[in-house]
1. Inspect the stretch 25-41 for any residue being closer than 12 Å to residue 136 by Cα and at pLDDT 90 or above and give the result as yes or no.
2. State which residue pairs qualify: first residue over 14 Å from residue 333 (Cα atoms) and outside any strand (DSSP E or B) and inside the stretch 24-46, second residue of a type in the set (Val, Ile, Thr) and open to solvent by 40 Å² or more (accessible area, probe 1.4 Å) in any location, beta carbons under 8 Å apart, and separation of 6 or more residues or different chains.
3. Filter the stretch 307-339 down to the residues that are charged (D, E, K, R), closer than 16 Å to residue 276 by Cα and buried (at least 20 other Cβ atoms within 10 Å of the Cβ) and list them by number.
4. When you go through 101, 63 one by one, which is the residue that is open to solvent by less than 20 Å² (accessible area, probe 1.4 Å) and either touching a residue at least 60 places away in the same chain (Cβ under 8 Å) or within 18 Å of residue 192 (Cβ to Cβ) (or both)?
5. Return yes when residue 244 is open to solvent by less than 40 Å² (accessible area, probe 1.4 Å), away from the ligand (no atom under 16 Å from the Cβ) and modelled with pLDDT of 95 or more and no when it is not.
6. Please list, ordered by first then second residue, the pairs with beta carbon atoms under 7 Å, 6 or more apart or interchain, first in the stretch 167-195 and open to solvent by 10 Å² or more (accessible area, probe 1.4 Å) and β-branched (Val, Ile, Thr), second more than 11 Å from the ligand (Cβ to nearest atom) and part of a loop (DSSP other than H, G, I, E, B).
7. When residues of the stretch 122-139 are filtered for being touching a Leu at 6+ places or on another chain (Cβ under 8 Å) and either open to solvent by less than 20 Å² (accessible area, probe 1.4 Å) or assigned to a strand (DSSP E or B) (or both), how many remain?
Amino acid sequence: MFILFLGFVLGTSGLFAQSDPVTIEVRPGKVYVSTSDAGQHLNFDLLLRNSLDQKLLINKVELSVFDASGKLAWRDFYDEYGRPSLELSRFPSLAPKDTALIYNPFHTLPKDVSLARLKYEFFFSSEDRSKTYSARIEVAPELFVQKTDLALPLKGRILVWDGYDYNSHHRRVDYTQKFFEQIGQKTNFQRYAIDFVIVDEAGQHYRGRARSNDDWYRNRQDEMTEYLTYGIPVYAAGSGKVVAVRDDVGERHFDPKDLASDERAFYGNYVVIDHLNGEFTLYGHIKKGTALVKAGDAVKQGAQIASVGAAGSSLFPHLHFELRDGSGARTVEGLPSYFSNYRRVLGAKTKLVKRGPINTGEIVTN
Ligand SMILES: [Zn+2]
């Protein structure tokens, strides 16, 4: 298939230029690279802003990666024809005078590709395809270097029910939507969050009668005690000072109105530890009345701080864990996390990991 783009190049590399029909912003402003055995990972969003009075189709996004000497090291694209992406099918167009948040679709690159400079170029057309436009932005990501030593916050056979991979619900938060604007939420604090559950050998996280997966949602009134994770101890992943605690909210209680008085109300109950180096850990959905620490307490890695519950915006008992750059929510961004001295369960075998990331689908123990 041959597609001819006649558009003139519009937009200034990396700069916000008011006169361009479409401008791009990178969110958050600081872009980190994190690593795993699978490669190098980029978890950020691109905010497109259409200044025209007409709807624009998003035809294509192209990534060019350059090394430190400015030489091309990688080229990739998604378009509406031969190589569609989840992003382009979800946001096929930009409404007049509107914005669209695109979750960076080039989320994982091989380990040996230098990521000194990334150029993102978007191509647009009018609905009748008579006019074409383009916009570009450059990103210089920084390798994330974690300052806090983190241990797993639960004991037992732990499944990462959902983490921060490209398809995770934590990553896919569109904080530019009206609801978030109304509550003053400007960032994605759960960009790198991890939901931990305890599972049995078969990978189930509840006892009792057999169920199919989606019964988790239908049986919302089930007894909490059917879940293996309910009520088990939560341990401080790292040493630091407790800066926020709440444990008065009941199971599965979340009213968006509560966000006016508590910007962390999504979690229901929580403990936040300041690691005194710009990094904080947050432990969300803890069980009502189980906090063992209070704001101001010094805690050591491995100390029990609470028990797992399902308070706040939670489907079932699990621990929602975040490493983040602040204690609140409205302007806080998530950070990648690496854990020390745990074992990955690989079927009959387990593998000791001295330090590594933990993400969706992994089964780990300590
Ligand atoms: Zn979560």
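1. Scanning the stretch 25-41 turns up at least one residue that is closer than 12 Å to residue 136 by Cα and at pLDDT 90 or above.
2. Between residues of the stretch 24-46 that are over 14 Å from residue 333 (Cα atoms) and outside any strand (DSSP E or B) and residues that are of a type in the set (Val, Ile, Thr) and open to solvent by 40 Å² or more (accessible area, probe 1.4 Å), the close pairs are 38/108.
3. Listed by number, the residues that qualify are 322, 324.
4. None of the other options fit; the residue is 101.
5. Yes: the conditions hold for residue 244.
6. That search, which allows pairs on different chains as well, returns 173/188; 187/28; 187/175; 187/331; 187/332; 187/333.
7. Qualifying residue count for the region: 11.
The values are calculated or read from the model by the stated rules, or taken from the named source; none is laboratory data. Because the structure is a prediction, the values reported are computed rather than measured. Reconstructed Cβ throughout: ideal geometry from the backbone, glycine too, with neighbour counts over all protein chains shown. Protein only, heavy atoms only, side chains kept; ligands, DNA and RNA dropped before computing areas. Shrake-Rupley method; radii C 1.70, N 1.55, O 1.52, S 1.80 Å.
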